[in-house]
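Student: First the structure, then my questions, so here it is.
The values are calculated or read from the model by the stated rules, or taken from the named source; none is laboratory data. This is a predicted model, so every value here is computed, not measured. Counting neighbours? That spans all protein chains shown, and the Cβs are built from the backbone with ideal geometry, glycine included.
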Amino acid sequence: MENFTYFNPTRIHFGKGQIKALATELPQAARVLLLAGGGSIRTNGVLQQVQRALGARVAVEFFGVEANPDFDTLMKAVEIVRREKLDWVLAVGGGSVADGAKFVAAAAPFSGDPWEILTSRGSVVKSALPLGVVLTLPGTGSEANIAAVISRRAIREKLAFLNPLVFPKFSILDPETTFTLPERQIANGVADAFTHVIEQYMTFPVHAAIQDRFAESVMQVLVEEGPKSVRNPKDYDSRANVVWAATWALNGVIGSGVPQDWASHTIGHELTALHGIDHARTLAVVVPSLLSVQRATKAAKLLQYGERVWGIREGSEASRIDAAIERTRSFYESLGLRTRLRDYDVKPGVAAEIAGKLKARGEVNFGERGDITPEVVERILTLAA
């Protein structure tokens, strides 16, 4: 385990009725941009709770943030922040809205071209407005981390940025706000969270016992509670465990001091940019094939994962690795996520297209060992066809 510093300043208010905490978290004089998605919060009672907690504070509402939030949409919100001299951003929605809020918070005070925030991966961000989150869809962990992913559909790009200045100051997680979500969205959230753990865990052993056991426990909770929560959306206890597991999957703890492999996200982002496939569903396509292609370098962790998460203890090492990868694929499928490109009418030629895009952008060495090149990406996607 390498030296590391862990820091997470986000205050979490978890449980029923916690939206009322907005009344104390936001300064009385705050001028707030309320950022939201398609409008479901208007009909499920969440917006009314938020408005009640905001009280007399100035609050300008901006609806329309997409799944995979779009740069051009968010720039309209940035213009409102600047024009109305707003000084807080409040995301009320899922991970896409939280990601969008992070971009708006960073872009509003930025003096250059805000697209540079994405192309620099956040390194140009020197200040940001404070932001908070009322989470209504679990999955991304964006409510308690420094990362955001933004699409720019006009040029078919999807890029991530990270910066400690966009840590949410607080996040409110009331599992009841998720009860009315469509089955597809909950399934996507479970798959996304599970993959986040895989990417921080499935590398090579570095004697990080706490991180390994914590990662395995989060995966086990998602395996046990995820399908149950999809089938029974108003089971509070199950949904509460899914919401909390998704936060811990990507709040920085299990990734501290250990090697990580985010190649599946990198590849998945390209599939979303090119074909509009749900983010979580791109991961369900990529992960099993990536594990198969990289099985030699990930063998020790695949065997550990198979034993500790899936109870696979019998047979040769090769057969146990096969079984662990197949159980991973089956888990995604159990949530209703298909795991082949053909399931989304994506032709095999996309493998070479994405490999070429990555090479042209200079993204040529992914993975915990830097050995996932564009050529390896092409093999992964060819296997995923």
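Student: Using the structure shown, decide if ARG281 is among the basic types (Lys, Arg) and in contact (Cβ under 8 Å) with a residue 40 or more places away in the chain.
Tutor: It is true that ARG281 is among the basic types (Lys, Arg) and in contact (Cβ under 8 Å) with a residue 40 or more places away in the chain.
Student: Across the stretch 63-77, what is the number of residues that are buried (at least 22 other Cβ atoms within 10 Å of the Cβ) and either outside the structural domain of ALA106 (by TED's automatic domain parsing) or not in a loop (DSSP other than H, G, I, E, B) (or both)?
Tutor: Summing the residues that are buried (at least 22 other Cβ atoms within 10 Å of the Cβ) and either outside the structural domain of ALA106 (by TED's automatic domain parsing) or not in a loop (DSSP other than H, G, I, E, B) (or both) in the stretch 63-77 gives 3.
Student: Sticking with this structure for a sec: Select from the stretch 232-263 the residues that are of a type in the set (S, T, N, Q) and not in a helix (DSSP H, G or I) and list them in ascending order.
Tutor: ASN232, ASN251, SER256, GLN260
Student: A further question follows. Within the stretch 168-198, restricting attention to residues that are over 17 Å from THR247 (Cα atoms) and out of contact with any Asp or Glu (no Cβ under 9 Å at 6 or more places or on another chain), which residue is surrounded by the fewest Cβ atoms within 10 Å (Cβ to Cβ)?
Tutor: In this case the residue turns out to be PRO182.
Student: With the requirement that a residue be touching a Lys or Arg at 6+ places or on another chain (Cβ under 8 Å), over 22 Å from GLY132 (Cα atoms) and outside any helix (DSSP H, G or I), what does the stretch 160-204 give you?
Tutor: MET202, THR203, PHE204
Student: Looking only at the stretch 269-320, which residues are small (Gly, Ala, Ser) and crowded, with 17+ Cβ neighbours inside 10 Å?
Tutor: Within the stretch 269-320, ALA273, ALA280, ALA284, SER289, SER292, GLY306 meet the criteria.
Student: Which residues, taken from the stretch 1-41, are more than 15 Å from GLU143 (Cβ to Cβ), within 24 Å of the chain's Cα centre (by Cα) and assigned to a helix (DSSP H, G or I)?
Tutor: SER40, ILE41
Student: Do we find that ILE41 is assigned by TED's automatic domain parsing to the domain that holds ALA77, of a type outside the set (S, T, N, Q), in contact (Cβ under 8 Å) with a residue 60 or more places away in the chain and in contact with a Leu (Cβ under 7 Å, 6 or more places away or on another chain) in this structure?
Tutor: Taking the combined requirement at face value, the residue satisfies it.
Student: Then there is this: Any residue at all in the stretch 79-96 that is surrounded by 20 or more Cβ atoms within 10 Å (Cβ to Cβ), among the polar types (S, T, N, Q) and out of contact with any Phe, Trp or Tyr (no Cβ under 9 Å at 6 or more places or on another chain)?
Tutor: Yes - at least one qualifying residue is present in the stretch 79-96.
Student: Do we have LEU165 as crowded, with 20+ Cβ neighbours inside 10 Å and in contact (Cβ under 8 Å) with a residue 12 or more places away in the chain here?
Tutor: Criteria not met by LEU165.
Student: Here is a further query. Can you spot a residue in the stretch 319-326 that is assigned by TED's automatic domain parsing to the domain that holds VAL285 and part of a loop (DSSP other than H, G, I, E, B)?
Tutor: no
Student: Any idea which residue in the stretch 42-53 is modelled with the lowest pLDDT, counting only those that are under 22 Å from ASP99 (Cβ atoms) and either over 25 Å from the mean Cα position of the chain (by Cα) or surrounded by fewer than 19 Cβ atoms within 10 Å (Cβ to Cβ) (or both)?
Tutor: Checking each candidate, the answer is ASN44.
Student: Using the structure shown, decide if ILE254 is aliphatic (A, V, I, L, M) and under 12 Å from MET202 (Cα atoms).
Tutor: yes
Student: Got a number for residues in the stretch 106-143 being in contact with a helix residue (DSSP H, G or I) (Cβ under 8 Å, 6 or more places away or on another chain) and closer than 25 Å to GLU270 by Cα?
Tutor: 16
Student: Going by the structure shown, is LEU34 crowded, with 19+ Cβ neighbours inside 10 Å and out of contact with any Leu (no Cβ under 7 Å at 6 or more places or on another chain)?
Tutor: So LEU34 fails the test.
Student: While we're on this one: The conditions are (1) within 23 Å of TRP262 (Cβ to Cβ); (2) surrounded by 13 or more Cβ atoms within 10 Å (Cβ to Cβ), and GLY362 fails exactly one of them. Which is it?
Tutor: (2)
Student: Under 7 Å by Cβ, and 6 or more places apart or on different chains, what pairs join a residue from the stretch 316-333 that is more than 22 Å from GLU225 (Cβ to Cβ) with one that is charged (D, E, K, R) and not in a helix (DSSP H, G or I)?
Tutor: ILE321/ARG295
Student: Among all residue pairs at least 6 apart or on different chains, which show Cβ distances below 8 Å where the first residue, located in the stretch 68-94, is among the polar types (S, T, N, Q) and the second is assigned to a strand (DSSP E or B) and surrounded by 20 or more Cβ atoms within 10 Å (Cβ to Cβ)?
Tutor: Note: pairs meeting the criteria are ASN68/VAL149; ASN68/SER151; ASN68/LYS158.
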